[in-house]
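The values are calculated or read from the model by the stated rules, or taken from the named source; none is laboratory data. Keep in mind the model is a prediction, meaning the values are calculated, not measured. Positions of Cβ are backbone-derived with ideal geometry, glycine not excepted, and every protein chain shown enters the neighbour counts.
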Amino acid sequence: MKAAVIVFPGSNCDRDLAVAFRDAFGAAPAMVWHKETALPEGLDVIGVPGGFSFGDYLRCGAIAARSPIMDAVSAFARKGGPVLGICNGFQVLIEAGLLPGALMRNAGLAFVCRDVALKVETASSPFTAEYREGETVTFPVAHHDGNFVADSETLARLEGEGRVAFRYQGSNPNGSMNAIAGILSENRRVLGLMPHPERAADPALGGADGARLFRSLAGAAVS
Amino acid sequence: MSEPEVNEALAAAHGLKPEEYARILEICGRVPSFTELGIFSAMWNEHCSYKSSKKWLRTLPTTGPQVICGPGENAGVVDIGDGDALVFKMESHNHPSYIEPYQGAATGVGGILRDVFTMGARPVAAMNALSFGRVDHPKTKRLLAGVVAGIGGYGNAFGVPTVGGELRFHTAYDGNCLVNAFAAGLARADAIFYSAASGVGMPVVYLGAKTGRDGVGGATMASAEFDDTIEEKRPTVQVGDPFTEKRLMEACLELMATGAVISIQDMGAAGLTCSAVEMGDKGGLGIRLDLDLVPVRETGMTAYEMMLSESQERMLMVLRPEKEAEAKAVFDKWDLDFAIVGETIAEDRFLIMHRGEVKADLPLRTLSGSAPEYDRPWVETPKPAPAGPAPALEMDEALRRLLASPNLSSRRWVWEQYDHMVMADTVVRPGADAAVVRVHGKRKALAFTSDVTPRYCFADPFEGGKQAVAEAYRNLCATGALPLAATDNLNFGNPEKPDIMGQFVGCVRGIGAACEALGVPIVSGNVSLYNETDGRAILPTPSIGAVGLLESVERVIRIAPKAGDRMILIGETRGHMGRSVYLAELFGREEGAPPPVDLEAERRAGELVRALGAEGLLSAAHDLGDGGLGLAAAEMALAGGVGVVLASDPSMAMQEWFFGEDQARYLLAVAADDEEAVLDRAEEAGVPARTVGRAGGDRIVLGDRALPLAEARAAHEGALPALMG
């Protein structure tokens, strides 16, 4: 299974995502620098990691979305290749137009880092096949701008088409609409989520619910 | 542009005393230039020269088989086995944080991270020890909110987990908050980078962000007392850019791996001046700088401004000339400035050229080595009068109020604003004794803690200094980690006052005695003096940042007990109430002597707890500190989500038994089957131990009174958000 992690100069979860990919896929992913214009041949999945891609002093992910490599990432996604964007990666995918909506400043106006309970809303995607629909899992969040908003039409479509992948249960850490934590693209091949499954993929760190997301991807590539 | 005339008055405006200016005239053999005066003031201020503290710092134990590099470099280095090394240091950013809390704290974090990666280490953990004025002081809320946001804003973006620290409130910090930042990084033991330049004619390279006028004179500002002109000092605070710092770190580590770097020094306090002098002095070389080549972000900067700028995210390196192209490519990749700004020279000169003129020409070694050193007069702190009797309260009421007090309530509001999990190796998160971070890709792990009890230090500096180290030692042992070494961040008032100097001397002696007895050398540190406003000094606050090593993450001891566990108290309880939080927080009485610290008892108790943990005999363990047995039990109960039932002791008053602050104690949770083995093991080790209760139910029971767990949690978790809300 061949994976790639896109690396922006301010990415800081790139190594964490690479470890999770390696543990699930049995091989280390290619680390692809943002100034590249082409992806390695024969990729099965692309990860866009968390961090502060270009400092994110203005709109998070806006500069990263215009990096040279992003044309190739978009082309890969349009052809149905799975693309996973976590936290800042989610912000980048939205800014790149691969996912709808926007991620605004947290309702509490402060950075928030804590475990959150999430409801898995759909098992029908390459990222969530190993979960049971409706089950509750725990991933950490760590962000300042995770407050998902969209116009009512977009929101209705996301809900109607079952494209909300994860929803906060109990307390919502950022005030997102409909407690949305993660969404899928129309073809269900792009997932963006604020919580960090790669930080919940090792029992030594206090939980392994996130490992199944990476195992889902491994399974999807085999089938 | 005409420069001001250099004379004694201008020297005084630079913080130089008349006798110091006289010494400068002697060294130069002439009246120094304006730029030269600036250079002297930067090198000789308290912050950079340690002129008041050096004599006493020399008395601290700094060596041991585990020490690779002690004080004197950017950070200390200890051996953690398998060819790995841990690089760490703590440093204050008190004055800037009081003037501008967000940027002051943020650049404090930036500075300490730079100290660590300058030595070739990737930062893996950060902590912060914070002291603020009383909670109802008009400035406290704004300062705390700004400082926490600044620490988070920098560390979160940089990508280092902020895993621990301290937060206290006391009226002595009303006009002078303390922000002490700690960072630790991992390197290979055979690939540590130092600041000593070597070789004549080697290029001196400037890296990182451009130089601006921010922070000009910052180090001098940090060495002065405050008064009501403080708002005018805002331009001396630098502005941080964690994105540039992150790129600077990646570029430096990448460059170091190529073998191009001979020596490296970060530009911190007094920027270009201190870093260049340091590299030349340590290497026995002179340095020539051509300021026309320095990347600047403002036009018309003078030599004086460039030499004293404290713009952040900058480095100075001496490179192997044949690797120049390779080095430039690395910095181009990360879009950072890279400029050759000078060279090493054989003569003992610090030669600064700008626009074809010699702006400074000073004997480098004398400039560095002849900084004044003072043996400041000091008086021993008088022993406090004994504490009066501690009034009785119902124990559940006392516990509820202590849990909700500003100084003992949950710090969750703070650490949830810090990314404490980035890098995916945080094994024990904030809120326990010490945080534990796994060494990436390995089984072993590191424990980090930051401790000091300023109200103890104020009452008895020697015992207080001992206690700061002892508590750090205890916090590490409580996680099962072997304490390795420490860094000290010594925050005091004006050393020119003999009583303040007496506090400093007493604390340093106490720290030294404890480090010696517990085998924890001081490998790095920082001194912050003149923490006074309008003549009122802070409490003596020698923050101790300590690190420990766990052979395996599987052996980490946590603080959450399980229902059915027996609670075993380790150490001797005498019911010491002097300087206790019981008296201070519940009755507003700060009186009596602090608890004495028996260092031999600390060592024995710590060794016992580590051995029990290594044998797998412990379900949980927690150190006893502020609030003694009662508070430790409550924190364990809250962490485990299970009640704890403790019996009283008929030989002393309830408040003495539950809230006395005797040292060298731990509360253990042990499976019922292991109770006897643990008590036997303690007896063999000569450590007092007794079963005092059990875990179970949903209440915290202290003798004849009980506090429901839900009420305890509401009190503990609700206080800080309510304060800041």
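Among the residues of the range B:146-166, count how many are farther than 13 Å from B:D419 by Cα and either part of a helix (DSSP H, G or I) or at the interface with another protein chain (Cβ under 9 Å from one of its Cβ atoms) (or both).
2
State the number of residues belonging to the range B:496-520 that are closer than 20 Å to B:K51 by Cα, part of a helix (DSSP H, G or I) and not small (G, A, S).
Final tally of qualifying residues: 11.
Determine whether B:H95 is over 27 Å from A:H144 (Cβ atoms), away from chain A (no Cβ under 14 Å) and part of a helix (DSSP H, G or I).
yes
Test B:A633 against the criterion of being under 35 Å from the mean Cα position of the chain (by Cα) and either in a loop (DSSP other than H, G, I, E, B) or among the polar types (S, T, N, Q) (or both), and give yes or no.
No; evaluated as a whole, the condition is false for this residue.
Quick check, is A:G80 modelled with pLDDT of 95 or more and on the phi > 0 side of the Ramachandran plot?
When the stated conditions are applied, A:G80 passes them.
For the range A:180-194, state whether one or more residues are under 24 Å from A:K2 (Cα atoms), touching an Asp or Glu at 6+ places or on another chain (Cβ under 7 Å) and buried (at least 24 other Cβ atoms within 10 Å of the Cβ).
So far as the range A:180-194 goes, no, none of its residues is under 24 Å from A:K2 (Cα atoms), touching an Asp or Glu at 6+ places or on another chain (Cβ under 7 Å) and buried (at least 24 other Cβ atoms within 10 Å of the Cβ).
Name the residues in the range A:85-121 that are β-branched (V, I, T) and under 15 Å from the mean Cα position of the chain (by Cα), would you?
Residues satisfying the conditions are A:I86, A:V92, A:I94, A:V120.
Inside the range B:158-184, can you point out the residues that are closer than 27 Å to A:R114 by Cβ and hydrophobic (A, V, I, L, M, F, W, C)?
Of everything in the range B:158-184, those that are closer than 27 Å to A:R114 by Cβ and hydrophobic (A, V, I, L, M, F, W, C) turn out to be B:F158, B:V160, B:V163, B:L167, B:F169, B:C177, B:L178, B:V179, B:A181, B:F182, B:A183, B:A184.
Would you confirm whether or not the range B:537-553 contains a residue that is touching a helix residue (DSSP H, G or I) at 6+ places or on another chain (Cβ under 6 Å), in a helix (DSSP H, G or I) and surrounded by fewer than 24 Cβ atoms within 10 Å (Cβ to Cβ)?
Yes, there is a match, as at least one residue in the range B:537-553 is touching a helix residue (DSSP H, G or I) at 6+ places or on another chain (Cβ under 6 Å), in a helix (DSSP H, G or I) and surrounded by fewer than 24 Cβ atoms within 10 Å (Cβ to Cβ).
On the given criteria, is A:L99 away from every other protein chain (no Cβ under 14 Å), over 24 Å from B:G155 (Cα atoms) and surrounded by 19 or more Cβ atoms within 10 Å (Cβ to Cβ)?
Answer is yes for this residue.
Just give me the residues in the range B:449-479 being of a type in the set (V, I, T) and in a helix (DSSP H, G or I), in sequence order.
Matches in the range B:449-479: B:V469 only.
Give the number of residues within the range B:306-336 that are more than 14 Å from chain A (Cβ to nearest Cβ) and either aromatic (F, W, Y) or surrounded by fewer than 20 Cβ atoms within 10 Å (Cβ to Cβ) (or both).
8
For the condition at pLDDT 95 or above, surrounded by fewer than 24 Cβ atoms within 10 Å (Cβ to Cβ) and part of a helix (DSSP H, G or I), what is the one hit in B:E254, B:E245, B:E231?
It is B:E254.
Just to be sure before I move on: is B:A485 under 15 Å from the mean Cα position of the chain (by Cα), of a type in the set (G, A, S), under 27 Å from B:I557 (Cβ atoms) and in a helix (DSSP H, G or I) in the structure I sent?
Taking the combined requirement at face value, the residue does not satisfy it.
Go through B:L143, B:L113 for me and flag whichever is assigned to a helix (DSSP H, G or I), in contact with a helix residue (DSSP H, G or I) (Cβ under 9 Å, 6 or more places away or on another chain) and closer than 20 Å to B:V439 by Cβ.
Sole residue among the options that is assigned to a helix (DSSP H, G or I), in contact with a helix residue (DSSP H, G or I) (Cβ under 9 Å, 6 or more places away or on another chain) and closer than 20 Å to B:V439 by Cβ: B:L113.
Might you let me know whether the range A:5-24 holds any residue that is away from chain B (no Cβ under 14 Å), of a type outside the set (D, E) and assigned to a loop (DSSP other than H, G, I, E, B)?
No, the range A:5-24 contains no residue that is away from chain B (no Cβ under 14 Å), of a type outside the set (D, E) and assigned to a loop (DSSP other than H, G, I, E, B).
Tell me the helices (runs of 4 or more DSSP H) entirely within the range B:30-78 that contain at least 1 residues that are without any contact (Cβ under 8 Å) to a residue 40 or more places away in the chain.
Counting at least 1 such residues, we get B:34-44.
Sort through B:R665, B:R690 and tell me the only one that's within 23 Å of B:E471 (Cα to Cα), surrounded by fewer than 22 Cβ atoms within 10 Å (Cβ to Cβ) and touching a strand residue (DSSP E or B) at 6+ places or on another chain (Cβ under 8 Å).
That would be B:R690, the only listed residue that is within 23 Å of B:E471 (Cα to Cα), surrounded by fewer than 22 Cβ atoms within 10 Å (Cβ to Cβ) and touching a strand residue (DSSP E or B) at 6+ places or on another chain (Cβ under 8 Å).
Looking only at the range B:414-438, count every residue that is assigned to a loop (DSSP other than H, G, I, E, B) and at the interface with another protein chain (Cβ under 7 Å from one of its Cβ atoms) and tell me the total.
Here the count works out to 9.
Where in the range A:48-146 are there strands (runs of 3 or more DSSP E), lying wholly inside it, with at least 2 residues that are touching a Lys or Arg at 6+ places or on another chain (Cβ under 7 Å)?
A:112-120, A:136-143
What number goes with the only condition from (1) surrounded by fewer than 24 Cβ atoms within 10 Å (Cβ to Cβ); (2) in contact (Cβ under 8 Å) with a residue 60 or more places away in the chain that B:I112 does not pass?
So B:I112 meets the others, but not (1).
Out of the range B:667-709, which residues are over 29 Å from B:D396 (Cα atoms) and not in a helix (DSSP H, G or I)?
Once the filter is applied, which keeps residues that are over 29 Å from B:D396 (Cα atoms) and not in a helix (DSSP H, G or I), the range B:667-709 yields B:A685, B:G686, B:V687.
Output the number of residues of the range B:79-92 satisfying the condition of being in a loop (DSSP other than H, G, I, E, B) and among the small types (G, A, S).
The number of residues fulfilling the criteria is 2.
Identify the residue in the range A:198-213 that is farther than 12 Å from B:M421 by Cα and within 13 Å of chain B (Cβ to nearest Cβ) and, among all such residues, is surrounded by the most Cβ atoms within 10 Å (Cβ to Cβ).
Once the filter is applied, the top-ranked residue is A:A201.
Would you check if B:P391 is within 28 Å of B:H716 (Cα to Cα), touching a strand residue (DSSP E or B) at 6+ places or on another chain (Cβ under 6 Å), away from chain A (no Cβ under 14 Å) and in a loop (DSSP other than H, G, I, E, B)?
no
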